[in-house]
1. Based on Cα positions only, what radius of gyration and what Dmax would you give for the range 79-183, in angstroms?
2. Which cross-chain or sequence-distant (5 or more) residues have an amide H under 5 Å from the amide H of residue 134, H modelled 1.01 Å from N in plane?
3. Would you please give the FRET efficiency between residue 71 and residue 117, computed as 1/(1 + (r/R0)^6) with r the Cβ-Cβ distance and R0 = 35 Å, to the nearest 0.05?
4. Would you kindly find the accessible area of residue 39, with a 1.4 Å probe and non-protein molecules such as ligands, DNA and RNA excluded, rounding to the nearest 10 Å²?
5. Using a basic spin-label model with each label point 7 Å from the Cα along Cα→Cβ, how many nm lie between residue 44 and residue 182?
6. Could you work out how far apart the two model spin labels at residue 18 and residue 128 are, taking each label as a point 7 Å from the Cα in the direction of the beta carbon, and quote it in nm?
7. Kindly report, to the nearest 10 Å², the accessible surface of residue 94 as traced by a 1.4 Å probe over protein heavy atoms only.
8. Output ³J(HN,Hα) for the range 85-91: one whole-Hz value per residue in order, computed from phi by the Karplus curve 6.51 cos²θ - 1.76 cosθ + 1.60 with θ = phi - 60°, and x for Gly and Pro.
Amino acid sequence: YYESLKDIGDPRLPRELELLVEGAAEPNARESAAVVQRKVAELSALVERLLILSVPTQASVNALELVSLRDVVEDVVQGLTPPDRARVQVAEGDALVHGDAVLLGTMVANGVANGLKFGDSVKVELSRAGDLAVLCIDDDGPGVSPSERETVFEPFFRTRDALSRRIPGHGLGLALIRHVAEA
């Protein structure tokens, strides 16, 4: 079932929007097309997150692909803008896991994006603890209050701090991280 999530949407749409942005003669038209392009990307990411959350965690029991979490982390970091990439430090280490590389990439991307949203810098560490792979994404942001630590993993939950600071989001990132990690 997870395989079908990889082919979401019409792949021509982002290319057509890129062409529209590049081909716009007037600066206002180019700027408007760029806004539409960003909004479509945001909506696509939201739909992808909702679809991943809709799949039962048991659906990935047959994920037999051997994945290097280091490769996944490096791919995510390379996909960031240069200013964001400079804010992420990846420590030495690796962990091999059986799983779905696309879903693991989505999980890591959500963790790093969350760290960048709430902190100035993000550190990613990979290690092993016995038979377990340990992925730690740590930021220097304000953290989560003890009373909200379990609730932040529920879909659509936003912390009081995020709401009061009007930080954009839908409350899906940490829920998606838990969902993929459990799968």
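The values are calculated or read from the model by the stated rules, or taken from the named source; none is laboratory data. These numbers come from a predicted model, not from an experiment. Note that we place each Cβ from the backbone using ideal geometry, even for glycine, and neighbour counts take in every protein chain shown. For accessibility, only protein heavy atoms count, side chains too; no ligands or nucleic acids. Shrake-Rupley method; radii C 1.70, N 1.55, O 1.52, S 1.80 Å.
1. Rg and Dmax of the range 79-183, Cα atoms, are 14.1, 41 Å.
2. Residues meeting the criterion, in which the H sits 1.01 Å from N, are 127, 128, 129.
3. 0.90
4. Its heavy atoms expose roughly 110 Å² to the probe.
5. For the pair residue 44/residue 182, the computed spacing is 2.9 nm.
6. 3.9 nm
7. Rounded to the nearest 10, that gives 70 Å².
8. Once rounded to whole Hz, the list reads 4, 5, 8, 10, 10, 10, 6.
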